[in-house]
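Here is the structure we will look at, set down as structure tokens.
The values are calculated or read from the model by the stated rules, or taken from the named source; none is laboratory data. Remember, it's a predicted structure, so these values are computed and weren't measured experimentally. Cβ sites come from the backbone with ideal geometry, for glycine too, and all protein chains shown count toward neighbours. We work out accessible area using only protein heavy atoms, side chains counted, and drop any ligands, DNA or RNA first. Shrake-Rupley method; radii C 1.70, N 1.55, O 1.52, S 1.80 Å.
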Amino acid sequence: MKEQWIEAPRIEGNQELAEKFGVSPMAMRLLRSRAGESEAEVRSYLYGTLEDLADARRMKGMTEAVALLLKKIWEGAPIRIIGDYDIDGVNATHILVTGLRRAGARVDTVIPDRLKDGYGINEHLIEQAKAAGIDTIVTCDNGIAAAKEIAYAKELGMTVIVTDHHEIPYREEPDGSRTTILPPADVIVNPKQADCPYPYKKLCGAAVAWRLVEVLYQETGIPREEFLELAQFAAVATIGDIMDLTGENRILVRYGLKQLAETTNPGYRALLAVNGLEGKKLTAYHIGFVIGPCINASGRLDTAKRALELLNASSKDAAEKLAGDLKALNDSRKDLTAKGTAEAIRLIEETDLGQDKVLVVYLPDCHESLAGIIAGRIRERYYRPCFVLTDGEEGVKGSGRSIPGYHMFEEMTKVAELFTKFGGHPMAAGLSIPTENVEILRKRLNENCRLIDEDLVPKLPYDAVLPIQYAGEQIIRELELLEPFGKENDKPLF
């Protein structure tokens, strides 16, 4: 595969700012290429604290959601949190159940089973809640794309509060305009709503839940320290859900990683210990590639309830057993992923799939929970958008991973009639589709694809040509100022 190396744009005026901040001009160049060029942006990047986060009440629906929850708490109405089975959904669920119980709510949780229920809230879960006497459903990390399901809950007389961070679904009209499709929930809290004044739009689901608990605690007089204790869960979710490590996310993750290293949560303490990370300085890498996969493995190969039990564990013994189980599941997941990836490569190399610009690889025998991981590996190998589809309990399910220049959610919206269900982001998506539409999907996505050959050449950005005299102890120390590294805040490359 050809690669194109691209040097980051040079920025003028580094010397003066470097003197102000007491760093080398090279370090200032790195800082400004990530933080922004102004002194204020550099200062915020280096020294931003939780006090610099925007007021949570600016998020559309936030005050209304908290007021409604307080009413339900006062009435003693049973509340059920419906989360998601990935690292974001599990941590968001833990944050909400902890916060609501502390505020006096009668609350329980349900995390959908990946195989039986699929992603997010569905009619089966709503019927279960109604039969259990649940008055109010609160979603986290899902719900924004569940208009039909939430309409059903409303028909049954239930109250529904949606907290989510995913893209707002829309319908493309014949004239090219877009009509947004919002679920008929009582309240929606999602910073991606077009008229939401909250300035930072890139929060994960757990971070949205965390800010809701902040306002709930303010209204009930619970000390701020207890809200801050939950930051570590939102930070883990932010890294694990591959959110941009910019702005508020950078502040949250930097704070949360320090907190996690000294955590009093028995579950995370046990998970750190079983992975040999106890007492070590934690980085975003440790969450993204060691801790996070253990949490996700639960929802992939077993049930995410086990991961939630780990976070909720109150004893060291219970936490250690659960942590050991999750690590074993993740080891098994690695083996299955390697086999699925090898089969996907064989199909691409030995069939006409390899000629497509958008890869749609059907692996009927692959465990459906591994589709996203395999799609990511195929995307990296061939540098093309990739969907991996597997046989689910009802039809075909799949996940997609994209490259810059190919907005996966928008491209799927163009062929929305092919799906039973779909949703996602520019760079990733999930879907359900009838078996007979698999080949049609492959054909239509490629017919619609506007990527040119140049788009299919990986762009490898580097920060600078580093004169050998700069490669010393000072620059190594200064590079630590840029941590935590992750999406949109890459490790420097020279």
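Restricting attention to the range 183-213, which residues are within 20 Å of Val160 (Cα to Cα) and surrounded by fewer than 22 Cβ atoms within 10 Å (Cβ to Cβ)? Hits for the range 183-213 are Pro184, Asp186, Val187, Lys192, Gln193, Cys196. Within the bounds of the range 162-169, is there any residue that is within 17 Å of the chain's Cα centre (by Cα), among the aliphatic types (A, V, I, L, M) and more than 19 Å from Lys72 (Cα to Cα)? Yes.
I'd like to check something: does the range 239-248 contain any residue that is open to solvent by 10 Å² or more (accessible area, probe 1.4 Å) and over 17 Å from the mean Cα position of the chain (by Cα)?
Step one: filter the range 239-248 for residues open to solvent by 10 Å² or more (accessible area, probe 1.4 Å), giving 239-244, 246-248.
Of the ones still in play, those that are also over 17 Å from the mean Cα position of the chain (by Cα) are none.
No: zero hits.
Consider the range 119-145 and keep the residues that are open to solvent by less than 10 Å² (accessible area, probe 1.4 Å) and of a type in the set (Gly, Ala, Ser). The one that is farthest from Ala429 (Cα to Cα) is Ala129. Scanning the range 232-247 for residues that are within 17 Å of His286 (Cα to Cα) and in a helix (DSSP H, G or I) gives Gln232, Phe233, Ala234, Ala235, Val236, Ala237, Thr238, Ile239, Gly240. When we screen Gly89, Gly76 for residues that are within 21 Å of Val215 (Cα to Cα) and surrounded by 14 or more Cβ atoms within 10 Å (Cβ to Cβ), the only hit is Gly89. Screening the candidates Thr390, Thr413, Thr435 for the property of being touching a strand residue (DSSP E or B) at 6+ places or on another chain (Cβ under 7 Å) and open to solvent by less than 10 Å² (accessible area, probe 1.4 Å) yields one hit, Thr390.
Considering only residues that are assigned to a loop (DSSP other than H, G, I, E, B) and in contact with a Leu (Cβ under 6 Å, 6 or more places away or on another chain), look in the range 278-301 and name the one that is most open to solvent (accessible area, probe 1.4 Å).
Filtering the range 278-301 for residues assigned to a loop (DSSP other than H, G, I, E, B) gives 278-283.
Narrowing the set further to residues that are in contact with a Leu (Cβ under 6 Å, 6 or more places away or on another chain) leaves 278, 282.
Numbers: Glu278: 112, Leu282: 15 Å².
Within the range 278-301, the match that is most open to solvent (accessible area, probe 1.4 Å) is Glu278.
Applying a threshold of 8 Å to beta carbon distances and a minimum spacing of six or more residues, or different chains, the list of pairs starting in the range 303-316 at a residue that is in contact (Cβ under 8 Å) with a residue 60 or more places away in the chain and under 13 Å from Val97 (Cβ atoms) and ending at one that is of a type in the set (S, T, N, Q) and open to solvent by less than 70 Å² (accessible area, probe 1.4 Å) reads Lys305/Ser298; Leu308/Thr93; Leu308/Thr109; Leu311/Asn91; Leu311/Asn265.
Condition check ((1) surrounded by 11 or more Cβ atoms within 10 Å (Cβ to Cβ); (2) modelled with pLDDT of 95 or more; (3) assigned to a helix (DSSP H, G or I)) across all residues:
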{"site": "Ile6", "(1), (2), (3)": "no, no, no"}
{"site": "Pro9", "(1), (2), (3)": "no, no, no"}
{"site": "Glu12", "(1), (2), (3)": "no, no, no"}
{"site": "Ala27", "(1), (2), (3)": "yes, no, yes"}
{"site": "Val42", "(1), (2), (3)": "yes, yes, yes"}
{"site": "Leu46", "(1), (2), (3)": "yes, yes, yes"}
{"site": "Glu51", "(1), (2), (3)": "no, yes, yes"}
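Tell me, which residue of the range 264-277 that is in contact with an Asp or Glu (Cβ under 9 Å, 6 or more places away or on another chain) and under 17 Å from Cys294 (Cβ atoms) is surrounded by the fewest Cβ atoms within 10 Å (Cβ to Cβ)? Once the filter is applied, the top-ranked residue is Ala273. When the range 89-142 is filtered for residues that are modelled with pLDDT of 95 or more, more than 24 Å from Gly256 (Cβ to Cβ), small (Gly, Ala, Ser) and not in a helix (DSSP H, G or I), the ones remaining, listed by number, are Gly104, Ala105, Ala132, Gly133. The set of residues from the range 354-371 being closer than 21 Å to Cys449 by Cα and free of Cβ contacts under 8 Å to residues at least 60 places away in the same chain comprises Gly354, Gln355, Leu359, Val361. Restricting to the range 378-387, and then to whatever is touching a helix residue (DSSP H, G or I) at 6+ places or on another chain (Cβ under 8 Å) and either open to solvent by 10 Å² or more (accessible area, probe 1.4 Å) or hydroxyl-bearing (Ser, Thr, Tyr) (or both), can you tell me which residue is nearest to Gly340 (Cα to Cα)? Residue satisfying both the conditions and the ranking: Arg381.
Enumerate the strands (runs of 3 or more DSSP E) found wholly within the range 403-494, keeping only those where 1 or more residues are closer than 28 Å to Arg10 by Cβ.
459-462
Results for (1) without any contact (Cβ under 8 Å) to a residue 12 or more places away in the chain; (2) of a type outside the set (Gly, Ala, Ser); (3) in contact with a strand residue (DSSP E or B) (Cβ under 8 Å, 6 or more places away or on another chain), shown as yes or no for each residue.
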{"site": "Gly61", "(1), (2), (3)": "no, no, yes"}
{"site": "Ile82", "(1), (2), (3)": "no, yes, yes"}
{"site": "Val90", "(1), (2), (3)": "no, yes, no"}
{"site": "Gly104", "(1), (2), (3)": "no, no, no"}
{"site": "Asp117", "(1), (2), (3)": "yes, yes, no"}
{"site": "Ile126", "(1), (2), (3)": "no, yes, yes"}
{"site": "Ala131", "(1), (2), (3)": "yes, no, no"}
{"site": "Ile134", "(1), (2), (3)": "no, yes, yes"}
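A quick yes/no check of all residues on (1) in contact (Cβ under 8 Å) with a residue 40 or more places away in the chain; (2) in contact with a helix residue (DSSP H, G or I) (Cβ under 6 Å, 6 or more places away or on another chain):
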| position | (1), (2) |
| --- | --- |
| Phe409 | yes, no |
| Phe419 | no, no |
| Glu436 | no, no |
| Leu441 | yes, yes |
| Leu466 | yes, no |
| Gln469 | no, no |
| Pro492 | yes, yes |
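Looking across Ala371, Ala344, Ala375, one residue alone is within 24 Å of the chain's Cα centre (by Cα), modelled with pLDDT of 95 or more and open to solvent by less than 50 Å² (accessible area, probe 1.4 Å). It is Ala375.
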